[in-house]
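A.B. asks: Let me begin by handing over the structure; questions about it come next.
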Amino acid sequence: MANTSSAKKAVRKIARRTEINKSRRSQMRTYVKKVEEALSSGDAAAAQTAFAAAQPFVMRAAQKGIMHKNTASRKISRLSARVKALAK
């Protein structure tokens with residue numbers, strides 16, 4: 001348990017940031033899931049619009065430190081390749 005007042009404050013700050021990070025991570029995963037569902041259904045137009053909506057959320061998650069920048073780039077790259085392949 002935190003003993004000093006600064007440690008107690010740190011615990012409170014961590015709890016607040018954890019909630020925000022959970023929310024952002026969940027939102028990002030929801031948008032990525034929409035792209036996955038559009039890809040599995042075979043709807044190229046829906047996949048393209050879902051990907052366009054998901055891309056900023058993934059990059060924002062990287063910017064906010066929820067995931068590493070390279071992980072976000074890899075995720076976007078792989079989704080983009082799958083969306084392109086479906087469009088052909």
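The values are calculated or read from the model by the stated rules, or taken from the named source; none is laboratory data. Since this is a predicted model, take the numbers as computed values, not measurements. Neighbour counts run over all protein chains shown; Cβ positions are idealised from the backbone, glycine included.
A.B. asks: Does residue 82 satisfy being at pLDDT 95 or above, exposed (fewer than 13 other Cβ atoms within 10 Å of the Cβ) and assigned to a helix (DSSP H, G or I)?
C.D. replies: Working: at pLDDT 95 or above: yes; exposed (fewer than 13 other Cβ atoms within 10 Å of the Cβ): no; assigned to a helix (DSSP H, G or I): yes.
Criteria not met by residue 82.
A.B. asks: Could you pull out the residue among 29, 24, 17 that is touching a residue at least 40 places away in the same chain (Cβ under 8 Å), surrounded by 11 or more Cβ atoms within 10 Å (Cβ to Cβ), assigned to a helix (DSSP H, G or I) and not hydroxyl-bearing (Ser, Thr, Tyr)?
C.D. replies: Residue meeting the stated conditions: 24.
A.B. asks: Cβ-Cβ distance below 7 Å, separation of 6 or more or different chains: which pairs start in the range 50-61 with a residue that is free of Cβ contacts under 8 Å to residues at least 40 places away in the same chain and end on one that is of a type in the set (S, T, N, Q) and surrounded by fewer than 22 Cβ atoms within 10 Å (Cβ to Cβ)?
C.D. replies: 51/80; 57/27
A.B. asks: Could you give every pair whose Cβ atoms fall below 7 Å, whose first residue belongs to the range 65-81 and is more than 17 Å from residue 48 (Cα to Cα) and free of Cβ contacts under 8 Å to residues at least 40 places away in the same chain, and whose second residue is assigned to a helix (DSSP H, G or I) and among the polar types (S, T, N, Q), counting only separations of at least 6 or pairs across chains?
C.D. replies: As it stands, the answer is none, since no pair meets every condition given.
A.B. asks: Looking at (1) of a type outside the set (Phe, Trp, Tyr); (2) assigned to a loop (DSSP other than H, G, I, E, B); (3) surrounded by 17 or more Cβ atoms within 10 Å (Cβ to Cβ), find the lone condition where residue 65 falls short.
C.D. replies: Of the numbered conditions (1) of a type outside the set (Phe, Trp, Tyr); (2) assigned to a loop (DSSP other than H, G, I, E, B); (3) surrounded by 17 or more Cβ atoms within 10 Å (Cβ to Cβ), the odd one out for residue 65 is (3).
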